[in-house]
Each structure stands twice: as C-alpha cells, then as structure tokens.
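Comments concern the structure below.
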Amino acid sequence: MENKSETKQISIPGKIMNFIGDYGAVVGIFLLLLVFQCIDSRMLRLTNVWGILKNSTFLIMMAMAMTLVMSVRGIDLSIAQVADAAGVLTAFLILNGTNAVMAIAAGIGLGLLVGAVNAVLMAYLGVPALIGTLGMMYVVRSFELVLTNGSQPQMLFTLNRSITQVFLNMGQGNIAGIPNVLIICIIAVILVYLLKERSVAGRHMDALCGNVQTSFLSGINVRKTFAVTFIISSLLAAIAGLMITARAGGATPRAVESYLNDCFVAVYIGTLLSKERKFNVLGTVVGCLFVGVMSNFFTLMGLGNGIKQLCNGCFIIMAVALGTLRSKKK
C-alpha cells in the first residue's frame, strides 16, 4: 500500500511536468492574449486584428526562411539584411529610371545571389553557418551604404504614381478586398509548407536535423539539401523586403534589421507547438502572429522597443527551457 501511495505521489508532479512540457506554450500564449485584452479592450477589435494580420506577413516570410535553415541545423543571420538590401536596391533602381518590373527582378536576383554565395560557403566550403552568414550580413550592409551614399532614404512616393504603380501595388494594392501582401504571404506559406512538410526534400531536412552522419550514410545528399535551404531562405527574405518597401513607399538602409530577433522568437515558439519539437512552418506562422500581437500591444500601451526586446529574450529562454523539459521527459 505504501509503495502504491509513493508511486501516486511521484506520478502527480510527473503528470504536471508532462502537461507543462506538452501544452505549456499553448496555454501560456492564450493566457497572455487574455491578459492583453483585459488590459486594453482594443486588442481584439476587428480593425486591430486585421492590421496585425497584415503587418505580420513580412515577419512570416522571413521567419519561414529561418525555419528552413534551422531545420538543417544551420542559421542565417543575413536574412534581415537581405530583405533590407533587396528593398533598397529596387527603390534605388526605380528612382534612377529603371523599369519597375526590371527593378523587382533585380531585388529578387540579389536575394538569389546572396543565397547562392551562402550555399557555396556553408554547404561546399564548410564555413560555419554562424560565421559565414554573419560575414555576409556585413557585406550586404556595406553594399547598401555604398549604394545610398551612407543610408540615404530612397523615397518612391516622390515619383509620379504611373512610374511606381506596378511596384507599390505589391504592398498597397488588394484583390477583392484582400491585401496583396496577405495574398503573397499565403501563397508562400502554402508552398513552403508543401516543401517542408509534404515532400522528400522536407524529410531530408528533418533527417539532417536529427543526425547528419546517419543522413549521409542513408544516401541523402547532405550538401545539396543544406545549400538549397540557404538559397530559398534568401529568396523569401528578398521578397519580404520588396513587400515592406512597396508597403512603405520607400526604403531606408538598415530599417529591417530589427526583424532578425523577431524571427528567432517566432521560430522557437513554433517548435513548442510541435509534438516532436521540430522546426515547422505552421508553428512558425503562429509564432509570428504572436509576436505581431505582442508588438501591437506594446504600441497601444506606448511602451518602448527596449521592453519588446526584453520580452523577446524571455520568450526565447522560455522556448528553449520548455523544449529541454520535453526532451528530458522522453
């Protein structure tokens, strides 16, 4: 009887820990949203929710890029800088008389170029992703500063609308009342989801995340899989940069850098919504929406960026701690 009682006493804390490991993140998110709504009733107003959804599209694009890279045990610190540079380059070209379509192609091409260089450095030359992408971040940042004569803003709204219409429509237009940025984001989410969760390439990514050596021995082309994720990552970042610039009607060098921290928060929160604690697209999308809600709340309350960064750090620590708890449970 005593043994049964002791077993029962031990099992109760164990069940609590298991519940926290499995559902703590979800419960915590809902409770925090409830607290936000209680503090400021404007949070769940339809217009505010719609605004959060539209503003989150840019982060979703970049966070999905980070998700792909991190799913193969990599990291891409150049994501935000690529988004920044793609928007600045496109705006610069349009301001200097380049056709809008060609300028858009140039911005996307810059993303592909940076992704290809990252792929060669990390996948084929063996440069550590942390060091390689950090170096690329500074290279791209320098390119921006040289292009704009030291962070000179590129204001597209100063031009005649007929010149900028094609480009600005990407960020400011809509189809049947649905913003173009949201349409682009939804299409990107579907495509990345199919790649990551429903394709052979996605299974190879998961295998690399589990064990690189075993993946190699099982016949997976490790270098190719690793390289492809960096190329797609920079492509998504470049498109996000174009969307941001088109929405704002202009571009300022280094204006998008703050998105890098938000990407990490969203991706790590996304892992907590997966039973296997793996990097996943839908979890990342939810993480981005949560970050968007949090940022919106701070804006409504008139709180500074310092508070936001403090919370971001806490959420990353929480995500890693809960993930570790879940791993120990298994």
Amide H neighbours of N174 under 5 Å, at least 5 residues apart or on other chains, H built in the peptide plane: list them. N180
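Between L125 and L34, what length comes free when the chain is fully extended (0.36 nm per residue of separation minus the Cα-Cα distance, one decimal in nm)? Intermediate values should be presented prior to the final figure.
Details: separation 91, 0.36 × 91 = 32.76 nm, distance 4.90 nm.
Contour length minus the Cα-Cα distance gives 27.9 nm.
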May I have the convex hull volume per residue, in Å³, for the Cα set of the chain? 166
What list of whole percents do you get for P(r) of region 222-309, with Cα-Cα distances grouped in 10 Å bins up to the one holding the largest distance? 15, 35, 38, 11, 1
Please report T214, T98 as a ranked list, fewest other C-beta atoms within 10 angstrom at the top and most at the bottom. T214, T98
Rounded to 10°, Cα long-axis angle of helix 259-272 versus longest principal axis of the chain: 30
For a quick check: sort K224, K278 by the number of other beta carbons within 10 angstrom, fewest at the front. K224, K278
What's the local net charge at M243, with K and R +1, D and E -1, over the other residues with C-beta under 14 Å away? +1
If you fit an axis through the alpha-carbon atoms of helix 79-95 and take the longest principal axis of the Cα set of the chain, what angle between them do you get, 0 to 90°, nearest 10? 20
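Would you mind ranking D206, D262 by Cβ crowding within 10 Å, fewest neighbours first? Don't skip to the end; give the middle numbers.
Values: D206 17, D262 25.
In order of increasing Cβ crowding within 10 Å: D206, D262.
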With unit charges on the beta carbons (Lys and Arg positive, Asp and Glu negative) and the dipole taken about the Cα centre of region 36-151, which residue among L59, A106, M137 sits farthest to the positive side? L59
What angle, in degrees between 0 and 90 and rounded to the nearest 10, separates the Cα long axis of helix 129-147 from the longest principal axis of the Cα atoms of the chain? 20
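Give, as a single signed number, the net charge of other residues whose beta carbon lies under 15 Å from the beta carbon of V72, with Lys and Arg counted +1 and Asp and Glu -1. Each step should come with its number before you reach the end.
Details: positive: R73, K196, R203, R223, K224, K278; negative: D76, E197, D206.
Summing Lys and Arg as +1 and Asp and Glu as -1 gives +3.
Each reported figure results from applying straightforward, stated rules to the coordinates on display, with no laboratory input. Only a predicted model underlies this, so the values are computations on that prediction, with no experimental measurement involved. Ideal geometry is used to build each Cβ from the backbone, glycine not excepted, and the neighbour counts take in all protein chains shown.
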